[in-house]
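Participant: First, the structure itself, so that you have it in front of you.
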Amino acid sequence: MKSLRGRRGVRFAVVSLAVSIVAVPMVTGFASGASAPRSAASWPYSNGDLANTRDAVGSTISADNVSSLQQAWSFSLSGDATKNVGGFGTLAAGPIVVNDVVYMQDLHSNVYALSLETGKLDWSYIVNKKELSGPGPNGVAVVDGVVYGATPKSVFALNATTGEKIWSNDSLLKKGQGTFGIQPQVANGHVYLASQYGHLPGGGVVLALNAATGAKIWAFNTVPKKDKGVDALGAGAGGAWETPLVGTDGSVTFGLGNPYQSMGEALSNPAKILYTDSDVNLNAATGKLRWYYQAIPDDFKDYDMQASPISTTANGVPVVIGGGKMGTVYEMNAKSGALIWKTPVGVHNGHDNDSRKALDGTSKLSVPFTYSPGALGGILTNMAVAGNNVYVVTSNLPFSFTNTDQVNGVPTGKKLSGNVESLNLTTGKVVWSTKVKGLPLGAATVSNNLIVTSLFEGKLLAFNRTTGKLVFTHSLPATTNSTLAIAGDTIIVPMGGPKDGTIKGGTKILAFRVPTSVSG
């Protein structure tokens, strides 16, 4: 198995049903969940709208016609783009759909523009082979006729019609500050993104750039204090993996990853290690801290709070919904960050408070022990909000510690499963929970009265939003660990996840469409 030092916290890859498991990877608004106007056949942001709700407004796909979905087209990547990148696969990003064009970035950092109608390639932007990415998920943002993306070391802007480069900036990260791999967010003339890997005095780094020029506006270090555990490893800490939330209140909120320390270090040198495993709300113009909520202090299990924060309202109050690999959904006051409720989802086996006990000196942990969610479990892909419900998909994959020097433990067990769940937005109470055989990595996506997602193993699934009943299953020709998108009558599913160390079924982007005779 690949070292988990190489992949702390995104949408990820996955597994062989034997014992080997390969880790792989896996702009927005506050107030009333405001979202930018969009045409019926569009998915203009990484999570659908400016509030990160993943509610496919304008979709014509529902329980009445989902069974009629047919493959509309397939676009296959070729050449070097089909090669597994560091064990993370070939495609892990979520598609963007603007003006009937599908924009995608692969894990080699190449960008493609395809016709939504036919899948025909309009243009491609091919990156130097030396700038391979991974774990990603990578991905682009498209705003006002400009495509924004990143390689591991640089950020660039392209003409959305031609693919021609407008600007690039390769001087944003200093030596040791890691690499880019996040799908950026663009709003109000700013490009927001963050580093993932590397060791520096302040841990990870969150950045805002001028969208017109690529010049850095501000930077925020996610671990402002040196901590013994982090320093001992010489590794990165507090990276961001998923697209942040840009609020209508002048803020930007990032979901941040773990401190990457061993169990022994967490017990012997306990520290909160702010702002790891936190949702961090910053002034969008200056980068100044407004508030934070830390879910797991002194983390040693890779319990990233990496999911894209969601903006909505509950009981008339603006709130932020967060979550991550600890397998818990959190509702926070959007103005103060105060916790309103938290709810565990998926499988938990009684080890949720291990890090807090280590921090306050009451831990009685001894090895070996098994914990769930594991380091590749919990909420790996983004959540959705619609009506008065939060929708989430989880991966149930236990891990074990066999010695205290381990970081994150090792995977345990052979059976892979997940859950698709609905929570009441006001109370946090679980409304329904449906178990699935496999790992749902396509994120939770709302399409009218459906929740749509995909399994890594290669299946497209749809569930009744009210009951959680599985109402549609379609086998895919390849493994997929990418977030899907829904634009009008079309579902776009990127495929290229590694299994048993190879890409099973090839690297391709598929579009499924409801026939006009059915939808209209």
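Participant: Just one of the numbered conditions (1) over 26 Å from residue 98 (Cβ atoms); (2) surrounded by 22 or more Cβ atoms within 10 Å (Cβ to Cβ) is not true of residue 481; which one?
Facilitator: (1)
Participant: Going residue by residue through the stretch 443-457, is there one that turns out to be more than 20 Å from residue 417 (Cα to Cα), surrounded by 21 or more Cβ atoms within 10 Å (Cβ to Cβ) and out of contact with any Phe, Trp or Tyr (no Cβ under 7 Å at 6 or more places or on another chain)? Please lay out each step first, then the result.
Facilitator: From the stretch 443-457, those more than 20 Å from residue 417 (Cα to Cα) are 446-450; that's our starting set.
From the residues that got through so far, the ones that are surrounded by 21 or more Cβ atoms within 10 Å (Cβ to Cβ) too are 446-447, 450.
Then drop every residue that is not out of contact with any Phe, Trp or Tyr (no Cβ under 7 Å at 6 or more places or on another chain), which leaves 447.
Yes, the stretch 443-457 contains a residue that is more than 20 Å from residue 417 (Cα to Cα), surrounded by 21 or more Cβ atoms within 10 Å (Cβ to Cβ) and out of contact with any Phe, Trp or Tyr (no Cβ under 7 Å at 6 or more places or on another chain).
Participant: To continue, here is another question. Report yes if residue 137 is within 16 Å of the chain's Cα centre (by Cα), within 24 Å of residue 211 (Cα to Cα), modelled with pLDDT of 95 or more and surrounded by 23 or more Cβ atoms within 10 Å (Cβ to Cβ), otherwise no. Please lay out each step first, then the result.
Facilitator: Values: within 16 Å of the chain's Cα centre (by Cα): yes; within 24 Å of residue 211 (Cα to Cα): yes; modelled with pLDDT of 95 or more: no; surrounded by 23 or more Cβ atoms within 10 Å (Cβ to Cβ): yes.
Against the criterion (within 16 Å of the chain's Cα centre (by Cα), within 24 Å of residue 211 (Cα to Cα), modelled with pLDDT of 95 or more and surrounded by 23 or more Cβ atoms within 10 Å (Cβ to Cβ)), residue 137 does not qualify.
Participant: So which residues in the stretch 384-421 are of a type in the set (A, V, I, L, M, F, W, C), farther than 30 Å from residue 57 by Cα and in contact with a strand residue (DSSP E or B) (Cβ under 7 Å, 6 or more places away or on another chain), if there are any at all?
Facilitator: Correct list: 397, 399, 401, 410, 416.
Participant: For residue 371, are the conditions met, namely being of a type in the set (Ser, Thr, Tyr), within 19 Å of residue 330 (Cα to Cα) and at pLDDT 95 or above?
Facilitator: On the way: of a type in the set (Ser, Thr, Tyr): yes; within 19 Å of residue 330 (Cα to Cα): no; at pLDDT 95 or above: yes.
No; evaluated as a whole, the condition is false for this residue.
Participant: Name every residue in the stretch 63-84 that is within 25 Å of the chain's Cα centre (by Cα) and part of a loop (DSSP other than H, G, I, E, B), in order of residue number.
Facilitator: The answer is 77, 83, 84.
Participant: Can I ask one more? Out of the residues in the stretch 165-192 meeting the condition of being of a type in the set (D, E, K, R) and either under 24 Å from the mean Cα position of the chain (by Cα) or farther than 17 Å from residue 218 by Cβ (or both), tell me which one is modelled with the highest pLDDT.
Facilitator: 165
Participant: A further question follows. For the stretch 321-334, check the following and say yes or no: at least one residue is surrounded by fewer than 19 Cβ atoms within 10 Å (Cβ to Cβ) and among the β-branched types (Val, Ile, Thr).
Facilitator: First, pick out the residues of the stretch 321-334 that are surrounded by fewer than 19 Cβ atoms within 10 Å (Cβ to Cβ): 333.
Next, from what is left, pick out any that are among the β-branched types (Val, Ile, Thr): none.
No, the conditions are met nowhere in the stretch 321-334.
Participant: Let me ask something else. Of everything in the stretch 362-399 that's more than 18 Å from the chain's Cα centre (by Cα) and of a type in the set (Phe, Trp, Tyr), which residue is farthest from residue 413 (Cα to Cα)?
Facilitator: At the first step, the residues of the stretch 362-399 found to be more than 18 Å from the chain's Cα centre (by Cα) are 362-372, 386-389, 398-399.
Right, trim to of a type in the set (Phe, Trp, Tyr) and you get 369, 371, 399.
Values: 369: 13, 371: 12, 399: 8 Å.
Going through the qualifying residues, I end up with 369.
Participant: Follow-up. Looking at 237, 307, which one is in a loop (DSSP other than H, G, I, E, B), within 28 Å of residue 141 (Cα to Cα), touching a Gly at 6+ places or on another chain (Cβ under 7 Å) and at pLDDT 95 or above? Working first, answer last.
Facilitator: On the way: 237 fails: at pLDDT 95 or above.
Just a single option satisfies the conditions, and that option is 307.
The values are calculated or read from the model by the stated rules, or taken from the named source; none is laboratory data. Since this is a predicted model, take the numbers as computed values, not measurements. As a convention, Cβ positions derive from the backbone with ideal geometry for all residues, glycine included, and neighbour counts pool all protein chains shown.
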